[in-house]
1. For the list (1) open to solvent by 20 Å² or more (accessible area, probe 1.4 Å); (2) in contact with a Gly (Cβ under 8 Å, 6 or more places away or on another chain), I need the number of the one condition that residue 32 fails.
2. Which fully enclosed helices (runs of 4 or more DSSP H) of the range 38-110 have 3 or more residues being in contact (Cβ under 8 Å) with a residue 40 or more places away in the chain?
3. For the subset of the range 56-70 comprising residues that are open to solvent by 30 Å² or more (accessible area, probe 1.4 Å) and of a type outside the set (Lys, Arg), which member is nearest to residue 26 (Cα to Cα)?
4. Could you run through the range 71-101 and say how many residues are among the polar types (S, T, N, Q), touching a Leu at 6+ places or on another chain (Cβ under 8 Å) and open to solvent by 40 Å² or more (accessible area, probe 1.4 Å)?
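The values are calculated or read from the model by the stated rules, or taken from the named source; none is laboratory data. It should be emphasised that the depicted structure is a prediction, and the values quoted were computed from it without experimental measurement. Virtual Cβ from ideal backbone geometry, glycine too; neighbours counted across all protein chains shown. Keep in mind that these areas ignore ligands, DNA and RNA; they rest on the heavy atoms of the full protein, side chains included. Shrake-Rupley method; radii C 1.70, N 1.55, O 1.52, S 1.80 Å.
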Amino acid sequence: MAMTDVLSAEDIKKAVGAFSAAESFNYKKFFEMVGLKNKSLEELKKVFCILDKDRSGFIEEDELKFVLKSFNPNGRDLSDKETKALMAAGDKDGDGKIGVDEFATMVAES
């Protein structure tokens with residue numbers, strides 16, 4: 001499954017491009033621009049599975065670093081600061097990883 005099975009390729013391209021500058025990533029704006037906010041829980045689960053590269057059932061910090069590339073291969077890597085901020089926003093239970101329910105909550109709150 002590809003991101004474009006769930007989200008518009010044009011929205012993905014615009015959203016990834018909007019955060020191409022270092023230290024510019026804002027997950028709330030990104031989720032809105034890419035169209036995640038309007039998706040069903042089932043669709044969010046599909047996106048989560050794409051982001052969960054190692055299929056552990058969680059998105060770990062090393063996977064978050066490449067979140068923009070998961071949406072578009074031309075995306076940049078997030079900085080350590082951006083990665084840690086995204087993890088802090090999504091990791092509601094403090095276990096150092098983001099589960100599917102935490103991901104859905106993070107999108108809903110954005």
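1. Exception for residue 32: condition (2).
2. Working: elements: 41-51, 61-64, 67-71, 80-90, 100-109.
Here the list reads 41-51, 67-71, 80-90, 100-109.
3. Of all residues in the range 56-70, those open to solvent by 30 Å² or more (accessible area, probe 1.4 Å) come to 56-58, 60-62, 65-66, 69.
Then keep just the ones that are of a type outside the set (Lys, Arg); that gives 56-58, 60-62, 66.
Numbers: 56: 25, 57: 24, 58: 21, 60: 18, 61: 16, 62: 18, 66: 14 Å.
The residue in question is 66.
4. If we filter the range 71-101 for residues that are among the polar types (S, T, N, Q), which is where we start, we get 72, 74, 79, 83.
When the remaining residues are screened for being touching a Leu at 6+ places or on another chain (Cβ under 8 Å), the result is 83.
Retained after the next criterion (residues that are open to solvent by 40 Å² or more (accessible area, probe 1.4 Å)): none.
Selection size over the range 71-101: 0.
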